Amino acid sequence: MRKATQLIHAGRGKEWTGSAVNPPVVRASTIVFDTMDELKHATAKRGDRVPYYGRRGTATHFALQEAICELEGSAGCALYPCGAAAINAALLTVLKQGDHLLMVDTAYEPTRAICDKLLAGLGIETTYYDPLLGAAIADLIRPNTKAIFLESPGSLTMEVQDIPAIAAVAKAQGICLLLDNTWGTPLLLDAYALGIDICIQSATKYIVGHSDAMLGIATANSQYWPQLREQSYLMGYCASADDAYLASRGLRTLKIRLEQHQANALKVANWLAHQDWVETVRHPALPGNPGHDIFKRDFTGSNGLFSFVLKQGDAKAVQAFIEGMAHFKMGFSWGGFESLIIPNLSIQKLRTASHWPYAGPLLRLHIGLEDPDDLIADLAAAYQRMQ
Ligand SMILES: Cc1ncc(COP(=O)(O)O)c(CNNC(=O)CNC(=O)c2ccccc2[N+](=O)[O-])c1O
């Protein structure tokens with residue numbers, strides 16, 4: 001079955017939906033049983049597609065989990081209150097005191113905080129590595145290295161990583177490979193085909209697609225799924241049925257939304273690339289983006305998130321650029337229908353293992369579903385405000 005059809009059918013079997021088209025929103029803490037056999041069966045299944053207790057999920061959660069596994073080809077899917085929770089649950093699934101983690105230098109800032117504060121406090125050491133390292137990552141591996149974490153493309157500066165090259169090194173040494181695939185979603189990148197063991201997504205972004213729910217997803221292959229499931233349960237992670245429902249609903253339009261985000265973003269990115277006040281555009285689909293050839297090899301498309309760097313501009317100039325925009329709002333997050341802009345004037349401060357070559361301010365854009373010509377006009381007017 002092709003992805004477009006899978007997105008329409010996945011997680012909508014009658015066992016979840018009954019006679020409706022969509023799975024219902026089943027909100028529950030207590031699940032009640034009429035017979036000892038029912039109770040024993042549910043206990044034995046421990047919430048694996050059988051209602052047992054709220055924390056283990058209801059038909060609403062099971063429908064989404066089944067859909068994600070079908071789309072990714074993963075062995076199991078755990079749900080979390082947000083993407084950051086999925087990241088720390090996945091890391092703590094494979095890391096314990098005394099272990100060593102290789103973390104990509106371009107990881108989302110709160111991921112870095114999880115490493116530097118949460119993991120460090122548990123006696124887990126992190127080494128950051130250059131996102132453009134491929135097989136050479138082997139030089140950073142220590143006897144106690146248990147996990148390599150990727151985020152590709154980097155959600156701020158868009159470097160694309162060579163997953164298969166790193167996977168070959170990791171597999172040879174029994175090291176777990178984790179990927180934050182929030183940008184790719186199961187639609188644009190086949191994580192497990194490329195050698196990933198545990199795949200994490202902030203469903204808050206494109207999966208939900210409407211900026212109205214917080215939800216994290218982590219899946220694993222058959223080797224790591226039992227551990228991920230147990231770790232997630234022991235940490236007490238669960239998600240609301242309402243948010244799980246919104247994610248299932250988001251899946252049905254994911255393909256057409258991503259296609260429109262892609263088309264709009266490429267038009268805006270190509271326009272920016274021709275402005276003399278732009279130093280560079282960081283968009284994986286643009287030639288010259290770090291890892292662009294890998295993007296063409298591994299991804300089936302792009303979306304609305306990319307960044308660009310101004311040739312010049314201090315904090316005051318950036319403020320003039322951003323304040324007064326008609327369509328772009330400042331906001332932490334991305335993946336909804338709306339266009340967003342967020343500045344960062346100190347990228348190098350976020351890097352400890354790679355060099356950021358630009359002095360000008362970076363502006364990350366999420367290109368929404370507005371008419372791209374309106375968005376271009378908004379950016380052109382913003383530049384005029386800087387003069
Ligand atoms: C690649 C990737 N992976 C995981 C998450 C976390 O997902 P969640 O927001 O559902 O927890 C995200 C969330 N993305 N959010 C943003 O990019 C918005 N910026 C932030 O969240 C941010 C950035 C720097 C410092 C602090 C924050 N913050 O708002 O916590 C992500 O981009």
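For the reader, a short list of remarks on this structure follows.
- Computed FRET value (nearest 0.05) for residue 144 with residue 55, which takes r as the C-beta separation and R₀ as 35 Å: 0.60
- Helical mean residue ellipticity (222 nm; -39500 (n - 2.57) per DSSP H run of 4+; nearest 500) of the chain: -11000 deg cm²/dmol
- For the chain, relative contact order (Cα pairs under 8 Å, six or more residues apart, normalised by length) works out to 17 percent.
- Heavy-atom accessible surface of residue 328, to the nearest 10 Å², is about 10 Å², with a 1.4 Å probe and all protein chains retained.
- Taking all protein chains into account, the per residue accessible area for the range 1-103 stands at 48 Å² (1.4 Å probe).
- Take the range 256-367 with all the other protein chains still there, run a 1.4 Å probe, and you get 45 Å² of accessible area per residue.
- Note on residue 8/residue 380: beta-carbon distance plugged into 1/(1 + (r/R0)^6) with R0 of 30 Å gives a FRET efficiency of 0.15.
- When nucleic acids and ligands are ignored and a 1.4 Å probe is applied, residue 16 ends up with an accessible area of around 20 Å².
- Surface composition of the range 51-111: carbon and sulfur make up 51 percent of the accessible area, probe 1.4 Å.
- Binned Cα-Cα distance frequencies in the range 211-253 - 5 Å width, integer %: 5, 19, 24, 19, 19, 12, 3
- Across the range 49-115, Cα pairs under 8 Å and at least six residues apart give a relative contact order of 18 percent.
- DSSP-defined beta bridges in the chain - what % are antiparallel, rounded to 5: 55 percent
- Taking a ≥ b ≥ c as the square roots of the eigenvalues of the Cα gyration tensor, the range 123-274 is classed as oblate, since a/c reaches at least 1.5 and a/b does not exceed b/c.
- One Cα centroid belongs to the range 108-170, the other to the range 1-77; the line between them spans 33 Å.
- Estimated from the Cβ-Cβ distance and a Förster radius of 51 angstrom, the FRET efficiency linking residue 276 and residue 222 is about 0.45.
- Largest-first principal axis extents, alpha carbons of the chain, Å: 75, 52, 36
- Percentage, to the nearest whole number, of Cα pairs in the range 1-150 over 18 Å apart: 69 percent
- Take the Cα of residue 316, step 7 Å toward its Cβ, do the same at residue 117, and the gap between the two points is 3.4 nm.
- Here the simple spin-label model places points 7 Å from the Cα toward Cβ, and for residue 125 and residue 230 these points are separated by 2.7 nm.
The values are calculated or read from the model by the stated rules, or taken from the named source; none is laboratory data. What you see is a predicted model; the values in this text were computed from it and never measured. As a convention, Cβ positions derive from the backbone with ideal geometry for all residues, glycine included, and neighbour counts pool all protein chains shown. Accessible surface is based on the protein model in full, side chains and every heavy atom, while ligands, DNA and RNA are left aside. Shrake-Rupley method; radii C 1.70, N 1.55, O 1.52, S 1.80 Å.
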